[in-house]
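Taken together, the values in this text are just the output of simple stated rules run on the coordinates, not laboratory data. Just so you know, these numbers come straight off a predicted model, no measurement behind them. Don't worry about glycine lacking a Cβ; one is built from the backbone with ideal geometry, like all the others, and counts go over all protein chains shown.
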Amino acid sequence: MEKKDIKSLDLRELTEELTAIGEKRFRATQMYDWMHVKLARSFDEMTNLPAAFREKLKEEYEYTSLSVEDVQTSSIDGTKKFLFGLKDKNVVESVWMQYKHGNSVCISSQVGCRMGCRFCASTLDGLERNLTPSEMLDQIYLITRLTGERVSNVVVMGTGEPMDNFDNILKFIELLTDENGLNISQRNVTVSTCGIVPRIRELADHRLQITLALSLHATTDEKRQKLMPIANKYHLDELMDAVDYYFEKTGRRLTFEYSLVGGVNDTEEDARELIGLAKKRNCHINLIPVNPIKERDYVQSDKERIEAFKARLEKAGVNATVRREMGRDIDGACGQLRRKHIHSEE
């Protein structure tokens, strides 16, 4: 029988679980503190629990604890890219970035991805499986332990499509922002999506205060379909209706991610169409110089084109920034480090 994943339980569920096996309620509070505040790596670290109880926990429950398979550190800006091992021998990537406003961690939500976006390395080997809430949390917990620094912002923009792992993402956010745990503000959590319309609407109905980042990348259905297969299922007008609904329900400003691909979506016409979409909405445009990957022939727009594109948006009164390129001298693009690891073992 598969053991229950104890680190994915909230405090109420953990209390019910432990009282059901005859333990006192305060043991749940102690354990929750060890798992989500002290960031214990195993039951053995929970030294104020009786030894016999710890042995019982080992027999009955799964305790998620990722292993470090590789770490790359940028000599340019100190960004660290981690490759973490899971219990089933799969690996996932996470990135730690230092900003003036605090430390930010970008985590993966799936092992691989099935969305097929043309410019992304994460999707080249397809989807292996979803990550559990505890596997998402432990990316942050282990980075916190390894760096010795508090994480203030969490971005779910690594490998995987978060809306394709919807229930686990909701539980992850609940645990991450719980006042009994790390207590990271919902406003400091960003979740990206390539545009799964029904899930965006469902997320809106939960009325969370997280930031929704839509991977837009093109302003017409025709161009978007060439870059992102999901656009064949959900057209741009449906997508815009869904993000408008998200804003209506949450009041949270939207972020549109726009990867600039040389000669594909970086023309004056593209900028004009993007202005048309953005002017109608409370949104921020995050322009991303695309990270070239050897398996695709897409190239990054040159710096002059990127700056001209941004200036065109700003002149029209659209809030836009160019994403600061972090860790460019390491395997920076989503999926690159994992893919190198996978194929080095073949």
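Couple of notes before you dig in:
- Cα-based convex hull volume of segment 4-62 per residue, rounded to whole Å³: 75
- If the segment from residue 174 to residue 322 were pulled out straight at 0.36 nm per residue, it would be longer than the present Cα-Cα gap by 50.2 nm.
- Amide N of segment 174-198 lying under 19 Å from the label point, which is placed 7 angstrom from the Cα of residue 45 along Cα→Cβ: 175-178, 180-184
- Taking label points 7 Å from Cα along the Cα-to-Cβ direction, residue 209 and residue 245 give a separation of 2.4 nm.
- Placing R0 at 56 angstrom, the Cβ-Cβ distance between residue 269 and residue 16 gives a FRET efficiency of 0.45 after rounding to 0.05.
- From the Kirkwood radius over Cα pairs of the chain, Stokes-Einstein at 37 °C and 0.692 mPa s returns a whole-number translational diffusion coefficient of 155 µm²/s.
- Between residue 100 and residue 37, the FRET efficiency estimated from the beta carbon spacing at R0 = 30 angstrom works out to 0.70.
- Computed over the chain, the per-residue total of -39500 (n - 2.57) for DSSP H runs of n ≥ 4 gives a 222 nm mean residue ellipticity of -10500 deg cm²/dmol, rounded to 500.
- Mean projection of the Cα convex hull over all viewing directions, computed for segment 1-152: 11.1 nm².
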